[in-house]
Amino acid sequence: MTQKQAVDLFMGRNRALSNGDFALMLDLPRDHPRRAAFYEALTGLNAAQVNSYWARLLFSGQNMPPRALADEAMVLDALRRNPNAVGWVTKEPADKQFRTLLVIRK
């Protein structure tokens, strides 16, 4: 996956995987300390800009943000249960069941 493809998925510009299936996008809560660093590294936008972007889309009824889960363990659990889910974590999981699609370096 390219960084542009990841941006399109996490920013709601595209909701389909490369095989055409609907992607269930997973995120951490807006106030989670690691979320701001993720979006800044991925998109170049700070947390306020990302939150404003989603507020505009929600208000206009255009799209819904990725599903927010309480912590990374919950993201991994949801990824295990849904083969069409895409989420992010701060460290590559040791479990080989997961496939790393993109590594973002600061």
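Restricting to Cα pairs below 8 Å that are 6+ residues apart, what does the relative contact order work out to for the chain? Please round to a whole percent.
Numbers: 112 pairs, mean separation 35.6, N = 106.
The normalised contact order for the chain reaches 34 percent.
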Next item on the list: For the range 10-52 and the range 55-80, compute the distance between their C-alpha centroids and round to whole Å.
Entry: 8 Å
Margin query: Placing +1 on the Cβ of each Lys and Arg and -1 on the Cβ of each Asp and Glu in the range 9-95, which of A85, S18, Y53 has its Cα farthest towards the positive end of the resulting dipole?
Written below: Y53
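Only loop residues by DSSP count here, and only those with at most 12 other Cβ atoms within 10 Å; note down the trypsin sites (Lys or Arg not before Pro) in the range 1-47 that meet that. Before the final figure, lay out each step's value.
Values: sites: K4, R13, R15, R30, R34, R35; in loops: R13, R15, R30.
Answer in residue order: R13.
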Note to self: Over the Cα atoms of the chain, each weighted equally, I'd like the Debye log10 I(q)/I(0) at q = 0.14, 0.24 Å⁻¹, rounded to two decimals.
What the structure shows: -0.52, -1.69
Check: Taking H as built 1.01 Å from N, whose amide H comes closer than 5 Å to the amide H of M25, not counting residues under 5 places away?
Finding: R67, V86
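Throughout, read-outs are computed from the coordinates displayed, never taken from laboratory work. What you see is a predicted model; the values in this text were computed from it and never measured. Neighbour counts run over all protein chains shown; Cβ positions are idealised from the backbone, glycine included.
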